[in-house]
1. Taking the criterion of being free of Cβ contacts under 8 Å to residues at least 60 places away in the same chain, over 23 Å from residue 149 (Cβ atoms) and in contact with a strand residue (DSSP E or B) (Cβ under 9 Å, 6 or more places away or on another chain), would at least one residue in the range 104-113 satisfy it?
2. Could you list all residues from the range 22-37 that are surrounded by fewer than 24 Cβ atoms within 10 Å (Cβ to Cβ) and not in a helix (DSSP H, G or I)?
3. Among the helices (runs of 4 or more DSSP H) confined wholly to the range 199-311, which include 2 or more residues that are surrounded by fewer than 16 Cβ atoms within 10 Å (Cβ to Cβ) and modelled with pLDDT under 95?
4. Can you confirm whether residue 255 is free of Cβ contacts under 8 Å to residues at least 60 places away in the same chain, within 29 Å of residue 3 (Cα to Cα) and in contact with a helix residue (DSSP H, G or I) (Cβ under 8 Å, 6 or more places away or on another chain)?
5. Residues 88, 46, 25: which one is touching a residue at least 24 places away in the same chain (Cβ under 8 Å), out of contact with any Lys or Arg (no Cβ under 6 Å at 6 or more places or on another chain) and over 19 Å from residue 261 (Cβ atoms)?
6. So, in the range 21-37, exactly how many residues are touching a strand residue (DSSP E or B) at 6+ places or on another chain (Cβ under 8 Å) and charged (D, E, K, R)?
7. Return the pairs, sorted by first residue and then second, in which the second residue is of a type in the set (S, T, N, Q) and surrounded by 24 or more Cβ atoms within 10 Å (Cβ to Cβ), the first residue lies in the range 141-158 and is within 13 Å of residue 196 (Cα to Cα), the beta carbons are less than 7 Å apart, and the residues are 6+ apart or on different chains.
8. Can you go through 74, 54 and tell me which one is out of contact with any Leu (no Cβ under 6 Å at 6 or more places or on another chain) and not acidic (Asp, Glu)?
Amino acid sequence: MRGINLKGKKAFIAGIGDDHGFGWVIAKALHEAGAEILIGTWAPIVKIFTTSWKAGKFDESRKLENGGMLEYSKLYPIDAAFDRPEDVPAAVRENKRYAELSHYTVSEVAEQVKKDFGEIDILVHSLANAPEVTKSLLDTSRQGYLAAMSASSYSFVSLLSHFGPILSKDAAVLTLSYIASMRAIPGYGGGMSSAKAALESDTRTLAWEAGRKWGVRVNAISAGPHKSRAAKAIGMIEDMISYSKANAPLKEKDLDSEEVANAALFLLSPLASAITGEVLYVDNGLHAMGMSVDSLSLQKNPIYQEASATC
């Protein structure tokens, strides 16, 4: 079981809405290592998630390597676009998807977790959204850009700000990024690349501030492209995966979400007790490349042909 024991630890994972994303597999890895799981699900889809869970639609993907099943102690509706109740516009409060919900702002969720469990030991931010992600950056509106920054990067700042006081000593915090923070990825628009860049910068600053204030560690994983349900909204996830498989040092290798979960488990465990402010790439090595080896411009290059022949 990966040799990591998290028995007695409580983990809050914000951003689980189905059984396809990285948040889900990270929760499974943490639970299999012994951690108690608390889930934060985007408020408008809470009913869909809980109904699917009760109906057994997730049963197959809930299975753990040790023969057990992923379980959670409590699920909290959360909308990380809002810090406090007074921040929620009337139009949102009155929306039918929110009408039956309450206490879903970040501060309220932190208060509820404190009331229910006292303190937690692990905090995972698996949240990202950009309403105009299919638009180029030049065509992204100010509103769309700010929405992407709010939901995908500031949400991490807010989450740690409000959960920090209930994190145990030596707690670990993790967020999820993507290489678009450092490289131009055509088609990854709507301000998402900007949000990921901000997220990684914030990870370093928060590592300093939260480390000094609460003694907690703050890290990020920059995962390679993966065909999750949320990623499909980009509209080109298949192309991103194909590009990675063709050009990453680990040739023609799919990125398994379990590989991201294993890295997360390490960073969130005592084994990584001296690691903070780090952005760890889990992408089959694609980030290390400075040239696309499948480029047509290289086809006549003898060095490329020799390298290809030995692969």
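1. Yes, because at least one residue in the range 104-113 is free of Cβ contacts under 8 Å to residues at least 60 places away in the same chain, over 23 Å from residue 149 (Cβ atoms) and in contact with a strand residue (DSSP E or B) (Cβ under 9 Å, 6 or more places away or on another chain).
2. Scanning the range 22-37 gives 33, 34, 36, 37.
3. On the way: elements: 237-247, 257-267, 302-310.
Correct list: 237-247, 302-310.
4. On the way: free of Cβ contacts under 8 Å to residues at least 60 places away in the same chain: yes; within 29 Å of residue 3 (Cα to Cα): yes; in contact with a helix residue (DSSP H, G or I) (Cβ under 8 Å, 6 or more places away or on another chain): yes.
Yes: the conditions hold for residue 255.
5. On inspection, the qualifying residue turns out to be 46.
6. Here is the first cut: in the range 21-37, the residues touching a strand residue (DSSP E or B) at 6+ places or on another chain (Cβ under 8 Å) are 22-23, 26-27, 30-31, 35-37.
Filter again for charged (D, E, K, R), leaving 36.
Within the range 21-37, residues that are touching a strand residue (DSSP E or B) at 6+ places or on another chain (Cβ under 8 Å) and charged (D, E, K, R) number 1.
7. 156/175
8. Details: 74 fails: out of contact with any Leu (no Cβ under 6 Å at 6 or more places or on another chain).
None of the others qualify; the one that does is 54.
The values are calculated or read from the model by the stated rules, or taken from the named source; none is laboratory data. Fair warning: this is a prediction, and the values are worked out from it, not measured in the lab. Positions of Cβ are backbone-derived with ideal geometry, glycine not excepted, and every protein chain shown enters the neighbour counts.
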